[in-house]
Structure formats: C-alpha cells, structure tokens
Ligand SMILES: [Zn+2]
Ligand SMILES: [Zn+2]
C-alpha cells in the first residue's frame with residue numbers, strides 16, 4: 001500500500017470520528033468549557049432565560 005493512500009484513509013477515519021464534535025452547538029461547546037456562549041443571539045436568549053433556538057435547534 002502506498003503511503004498517500006494510508007494517510008488519506010487515516011484522515012478519513014479521523015474525520016468520521018471527529019464528526020460528533022462538530023455536531024455540538026456553540027452553546028454546548030461554551031458550556032463544556034465552563035463559559036456562556038458569546039454569540040450575541042445566544043447572549044440575548046440567555047438574558048431572557050432561554051436558549052438560542054437559532055443556534056440550538058430542537059433535537060429530533
Ligand atoms: Zn450559542
Ligand atoms: Zn445563537
């Protein structure tokens with residue numbers, strides 16, 4: 001097997017494994033880091049005692 005194919009396969013496998021991290025919303029990431037989300041739309045929603053629906057669409 002040539003090395004380029006091996007690297008491509010490894011990168012592809014990593015991309016699949018990393019996908020759940022990309023599925024996290026900005027607010028979930030901020031929460032995981034112990035912070036409040038800094039997005040203006042989210043800050044506004046938090047002030048109203050809600051979560052931003054734009055960034056946190058209801059899960060199906
Ligand atoms: Zn957010
Ligand atoms: Zn938002």
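The values are calculated or read from the model by the stated rules, or taken from the named source; none is laboratory data. Note that the structure is a prediction, hence the values are computed from the model and not measured. Please note: Cβ atoms are built from the backbone with ideal geometry, for glycine as well, and neighbour counts cover all protein chains shown.
Please name all residue pairs, on different chains or six or more residues apart, with Cβ atoms under 6 Å, provided the first residue is in the stretch 46-60 and is modelled with pLDDT of 85 or more and the second residue is assigned to a loop (DSSP other than H, G, I, E, B) and within 12 Å of ligand 1 (Cβ to nearest atom).
Final answer for the pair search is 55/25; 56/25.
State which residue is farthest from ligand 2 (Cβ to nearest atom) when the search covers only the stretch 30-44 and only residues that are within 13 Å of residue 56 (Cα to Cα) and in contact with a helix residue (DSSP H, G or I) (Cβ under 9 Å, 6 or more places away or on another chain).
30
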